[in-house]
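Before any comments, here is the structure.
The values are calculated or read from the model by the stated rules, or taken from the named source; none is laboratory data. Being a predicted model, the structure only gives us computed values, none of them experimental. Neighbour counts run over all protein chains shown; Cβ positions are idealised from the backbone, glycine included.
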Amino acid sequence: MLHYTPSTDLREAPTASGIGPKAGKPKLRVMLVQTQAENAGAQEISRLVGAGLAARGYEVANLFFFRRSASFDEPPNTFYCADSRPGNPLALLRMLWTLAGHIRTIRPDVVLTFQHFGNVIGGAVSSLVSRAPVIANQVSSAMSMSWPVRVADIVMGSVGFFQCITLNSQAMEREYARYPAPYRARMKHVPHGFDDKSHGLSKEEARRQFKLPPDHVLLGCAARLHPHKQLDAAIRLLANEPSWQLALAGQGADEPRLRALADQLKVSGRLHFIGEIPPRQMADFLACLDVFVFPTQAETFGLAAVEAASAGIPCVVNDLPVLREVLSFEGKPTAIFVDASDQAAFSAAVAKVLTDQTLRDALRQSAKGLRSRYSLDGMIEEYVQILDAAVTRGAQ
């Protein structure tokens, strides 16, 4: 299956430095390989990387194994290998055959793969049908991989299927420190950049857009509806606080369980499933909120919380080492950290943010620094250097 949708939004994305392929040289053709097409954190990073590279003069193609979400906001030059996740071995073989065909047709100079299946499958197939160097973007915790995928990743990263393996946080570097030395030698820390999600709408206008109640305390989260996101902890906040409401932006297989929990707690009338929203509407969603809650059990960066904090929304997040790392600026926290599995403590932290204006002001002031700490242009520049080095090395 071949699908292409032109768009000028990303092709015209601005860049501060304007660094790219040297004048007079052919444009490098870069292919970004991602597992599934949906509006989630890993896809947002590949979207931003692709837009930044295109703005600097690279030819960028985006390749997805399959479409997961009908509302996916696809970038320009997007190709799919299957309409949906393969459900049997024959469908998987068709998908792999189409993947190989797209790579042969696009003939990339360098391949960027994302997520563990994107790295393992995309890296393997690309190495079979192309001489382009592969850069693996590792945004999956090793503990979230099944053992066959983890073994494949270790072997491929150690023997040279990947020329470089980018990690997005120091916490990830510590986790992968147990990997073999040849794997570690290829690792490079590239902090996420992000689009500014500061909002222009008033709270009243934003809530009207999403059909949310105008006059209640509104908590919110943007995340895939998956058990690892621990969104049941956010729903339980409503049980003892009848004035609070909760809006969840995202899609996923955990939705029926979350709805059943809301029915059981008798809070369904105060729980709002917004569904998946494209990146261009995230600022409007954040503008609706009084507090952004992020009870996730596992993260490698926590992009949604960084975006919310930077947009000036007070954040209460699960106390994970990686979130303490990324949600700080010059040693000052940009969010409140709490054990989200402790319902009383989680509720108390949200209540404190709602009632303490001084605390909210301090969090917003610290969070302003996240824009410079996680500069989008800085991230793109890191990838420009990695890609150019990979192509130069491959030509030797």
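Quick notes
- Taken across region 33-43, residues that are under 25 Å from Thr300 (Cα atoms), in the same structural domain as Val120 (by TED's automatic domain parsing), among the acidic types (Asp, Glu) and touching a Ser or Thr at 6+ places or on another chain (Cβ under 8 Å) do occur, with at least one present.
- Only one entry of Leu359, Leu376, Leu323, Leu363 meets the criterion of being of a type outside the set (Phe, Trp, Tyr) and closer than 30 Å to Ala132 by Cβ, and that entry is Leu376.
- Filter result for Glu59 (closer than 20 Å to Ile135 by Cα, surrounded by fewer than 23 Cβ atoms within 10 Å (Cβ to Cβ), in contact with a strand residue (DSSP E or B) (Cβ under 7 Å, 6 or more places away or on another chain) and not assigned by TED's automatic domain parsing to the domain that holds Gly275): yes
- Selection count, region 307-354, where residues are of a type in the set (Lys, Arg) and crowded, with 24+ Cβ neighbours inside 10 Å: 0
- Single condition Leu303 does not satisfy, out of (1) under 17 Å from the mean Cα position of the chain (by Cα); (2) modelled with pLDDT of 95 or more: (2)
- Just one of (1) part of a helix (DSSP H, G or I); (2) touching a residue at least 12 places away in the same chain (Cβ under 8 Å) fails for Gly220. It is (1).
- Within region 339-367, being in contact with a strand residue (DSSP E or B) (Cβ under 6 Å, 6 or more places away or on another chain) and outside any helix (DSSP H, G or I) holds for one residue alone: Ala340.
- Of all the criteria given as (1) at pLDDT 95 or above; (2) surrounded by 21 or more Cβ atoms within 10 Å (Cβ to Cβ); (3) on the phi > 0 side of the Ramachandran plot, the one not satisfied by Lys266 is (2).
- The listed residue being closer than 15 Å to Ser310 by Cα and assigned by TED's automatic domain parsing to the domain that holds Val293, out of Ala367, Ala348: Ala367
Condition check ((1) over 17 Å from Leu354 (Cβ atoms); (2) in a helix (DSSP H, G or I); (3) among the polar types (S, T, N, Q)) across all residues:
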| position | (1), (2), (3) |
| --- | --- |
| Gly193 | yes, no, no |
| His199 | yes, no, no |
| Ala206 | yes, yes, no |
| Lys211 | yes, no, no |
| Pro242 | no, no, no |
| Ala247 | no, no, no |
| Leu258 | yes, yes, no |
